[in-house]
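Enquirer: First, the structure itself, so that you have it in front of you.
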């Protein structure tokens, strides 16, 4: 493609140089006017000839291949964006819950899993690791439910000692 463009530009440049030399060497008067006209036609032919000689079938194939590749790249990009969006939502949701737990004086680690069945991924389940007593757990459960609309049955708590010994999730 670039080679074709280079050849086209070289052809236009050569035609312009020939027209300029012919113009400079022609005597004034009618001959000079005819030379200008002829030089202009030569430049027009140099510009239009590659466009007129394009093989329509080959151009159609190239454009069809381009559109197919573009569609494929679009689907791939869309899928990568969806995965990235899910990851961002999960990480930021977990960080938010950890911040709220810290504000409540609780020390824990949180993992959020998002549901991708809708148009956008949304936080769906929460797993909390830490040594929380019943009252702390209830307060954090209530906070998660009010902030994320994740009901208690989709919130999982693992005692820190269970997690460290390998008994946890």
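The values are calculated or read from the model by the stated rules, or taken from the named source; none is laboratory data. Model, not experiment: these values are computed from the prediction. Don't worry about glycine lacking a Cβ; one is built from the backbone with ideal geometry, like all the others, and counts go over all protein chains shown.
Enquirer: If the Cβ limit is 6 Å and pairs must be 6+ apart or interchain, which residue in the stretch 125-136 that is on the phi > 0 side of the Ramachandran plot pairs with which residue that is surrounded by 19 or more Cβ atoms within 10 Å (Cβ to Cβ) and not in a strand (DSSP E or B)?
Expert: Once the first residue is on the phi > 0 side of the Ramachandran plot and sits in the stretch 125-136, its partners that are surrounded by 19 or more Cβ atoms within 10 Å (Cβ to Cβ) and not in a strand (DSSP E or B) give 130/108.
Enquirer: Out of the stretch 139-151, which residues are loosely packed, with under 13 Cβ neighbours inside 10 Å and in a helix (DSSP H, G or I)?
Expert: Matches in the stretch 139-151: 142, 146.
Enquirer: Okay, next question. Assess whether residue 94 counts as being modelled with pLDDT of 85 or more and touching a helix residue (DSSP H, G or I) at 6+ places or on another chain (Cβ under 8 Å).
Expert: no
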